[in-house]
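J.: Quick one: structure below, then a few questions.
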Amino acid sequence: MRIGIPRESKTGESRVAGSPKTVTQLIKLGYSVCVESRAGVKASLPDQDYAEAGAEIVSTEEAWAADVVTKINAPTDEEIAKMRSGAVLISMADAPRSPELLEKLAKKGITTLAMDSVPRISRAQSLDVISSMANIGGYRAVIEAGHEFGSFFTGQVTAAGKVPPAKVFVSGAGVSGLAAIGCARSLGAIVFATDIRAETAEQVESMGATFVAVESGDQQQSSDGYAKEATEDYAAAAARMYAEQVKDMDIVITTAQIPGRQAPRLLTEEMVATMKPGSVIVDMAASSGGNVAGSLPDEIVVTPGGVKIIGYTDLPGRLPTQASQMFATNVLNLMKLLTPGKDGQLTIDTEDVVQRGMLVVQDGQVTWPPPQVSVSAAQAATAPEAKAAEPTEKKPLDPRPLYVGAGLVAALALVLFFVSPHELLGHFMVLMLSVVIGFYVIGNVAHSLHTPLMSVTNAISGIIIVGCLAGLQLVDPAKLAEPASIVILVLSVVGILLASINVFGGFTVTQRMLNMFRKGPK
């Protein structure tokens, strides 16, 4: 069978449904591949690269006349007319909101697999175009916000003064929301996020953001991987939370969408009006009605208060090379599933929940919607037997031994201070203050600075070694048998040993980390 990859006709579309890398893999599955001339130019994928990968560069008519046509966006009426009856179309279709398109494809006899209808189950993750594009979209949303925002993301201390870090609020912790959180955090912003699904709180916090919960008893647990429409009580509580949060934020990114439905309205005009001049909102749901009052698809709206609302609907397409490669990989994974014999023959198994979920038209019949596939990201329910069992009560630990031990240590320290030189108390206080200060200073060092911090600790260990060597010089060889000399000798030797381990171990670990970033043999 022959696979055709035509050029996208949608205005502003820069992606392409196949890449030279995936063309090579499709040919290994037994297919022949033809690519419309200049199909990948906007994605920096020239015809020469496709030809070198084994594809044939053809005209528009030849690409659409293939046995299998794969593209990004749903076809237009003119493009459907170019396809032959009995062909297979693989593209996004927006099936819930496009019944007329499905009827036209069925009338033409075109079997259609919708890439945006992949079931949200683990086995189908490699085909999930929605997740792939949402990942890119969330990342790009932060980049677009940063382009319009008039300050740094990360805090800066400059000769002209201190600049505080930007505060970013992300509404929705799905794939796009988590990508936005990761990008904003990597740029140094302070990030807050919320989601209607209770199970996302741990994911948000694991990425270094602060989860803002809605004070409502109607928090959801996902049953199919998607968020559901909020109840009235939850929506009212969420509105109060948004009104309180957004007025303090520099950047707000909204990602809330419900498949096949209009996007929920999260931010009202009154909420937007409370934001600071120069703040930026990115409404990632602008194409389906918008989460933000006043947002317009593919436009930047500036409110009277100086807040910019970005409503771009082509965020994945603003990274065309990466988006094309990821979409093409999703298609390739689907073709591997549809070609079990690797013989270039496409076979659709309607008993497979993944293939059945994507199949929206077959043999002249509209097959949407498919049977529901339920998955749960929530914690499994406790078995009845486990619920009936009484929890074992833990016996509290007796604190008396701890108190006795602390008292003995305190008494020993007092005796030591009384019999030791008066300088010891001053040195001991310096040591304790150093421990406290060191704990708070080192505990607040970012993970990205741990390697430079290791160099500082190596320097401190070097000072310790010098001090221990100086201590050894104080020991009189003629008085080695005296207790004071033995104590100085033991402490100096132990100090030199431990500090040396820290120094050499630190340099070894640093060397290994540096080798990870070097090209060629390590």
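The values are calculated or read from the model by the stated rules, or taken from the named source; none is laboratory data. Being a predicted model, the structure only gives us computed values, none of them experimental. Cβ atoms come from the backbone with ideal geometry, glycine included; neighbour counts cover every protein chain shown. All accessible areas refer to the heavy atoms of the entire protein, side chains included, with ligands and DNA or RNA removed. Shrake-Rupley method; radii C 1.70, N 1.55, O 1.52, S 1.80 Å.
J.: Could you list, in sequence order, all residues of the range 297-312 that are closer than 21 Å to residue 73 by Cα and surrounded by fewer than 18 Cβ atoms within 10 Å (Cβ to Cβ)?
T.: Residues satisfying the conditions are 297, 298, 299.
J.: Let me ask another. Among the residues of the range 204-215 satisfying the criterion of being open to solvent by less than 40 Å² (accessible area, probe 1.4 Å) and not small (Gly, Ala, Ser), which is farthest from residue 147 (Cα to Cα)?
T.: Among those that are open to solvent by less than 40 Å² (accessible area, probe 1.4 Å) and not small (Gly, Ala, Ser), it is 214.
J.: Please verify whether the range 336-349 includes one or more residues that are surrounded by fewer than 17 Cβ atoms within 10 Å (Cβ to Cβ), free of Cβ contacts under 8 Å to residues at least 40 places away in the same chain and among the charged types (D, E, K, R).
T.: Yes - at least one qualifying residue is present in the range 336-349.
J.: Next up: Is there any pair with a first residue in the range 99-127 that is basic (Lys, Arg) and modelled with pLDDT of 95 or more and a second that is crowded, with 16+ Cβ neighbours inside 10 Å and outside any helix (DSSP H, G or I) whose Cβ atoms are under 7 Å apart and which are 6 or more apart or on different chains, and what are they?
T.: Pairs that qualify, where the first residue is basic (Lys, Arg) and modelled with pLDDT of 95 or more and the partner is crowded, with 16+ Cβ neighbours inside 10 Å and outside any helix (DSSP H, G or I), are 108/83.
J.: Continuing with this model, one more query. So which residues in the range 264-296 are open to solvent by less than 10 Å² (accessible area, probe 1.4 Å), closer than 22 Å to residue 231 by Cα and assigned to a loop (DSSP other than H, G, I, E, B)?
T.: Scanning the range 264-296 gives 285, 290, 291.
J.: Looking only at the range 191-203, decide whether some residue is farther than 21 Å from residue 238 by Cβ and either open to solvent by 70 Å² or more (accessible area, probe 1.4 Å) or touching a residue at least 12 places away in the same chain (Cβ under 8 Å) (or both). Lay out the reasoning, then the answer.
T.: Filtering the range 191-203 down to residues farther than 21 Å from residue 238 by Cβ leaves none.
No; the residues of the range 191-203 include none that is farther than 21 Å from residue 238 by Cβ and either open to solvent by 70 Å² or more (accessible area, probe 1.4 Å) or touching a residue at least 12 places away in the same chain (Cβ under 8 Å) (or both).
J.: Name the pairs: first residue in the range 70-82 and under 20 Å from residue 2 (Cα atoms), second residue aromatic (Phe, Trp, Tyr) and open to solvent by less than 70 Å² (accessible area, probe 1.4 Å), Cβ to Cβ under 7 Å, at least 6 apart or on different chains?
T.: Here the result reads 72/327; 79/64; 82/64, each pair linking the range 70-82 to a residue that is aromatic (Phe, Trp, Tyr) and open to solvent by less than 70 Å² (accessible area, probe 1.4 Å).
J.: Kindly indicate which of 23, 35 is in a helix (DSSP H, G or I), open to solvent by less than 40 Å² (accessible area, probe 1.4 Å) and at negative phi.
T.: 23
J.: Here's a follow-up. Which count do you get for residues in the range 135-184 that are open to solvent by 40 Å² or more (accessible area, probe 1.4 Å), among the hydrophobic types (A, V, I, L, M, F, W, C) and not in a helix (DSSP H, G or I)?
T.: Adding up the residues that qualify gives 4.
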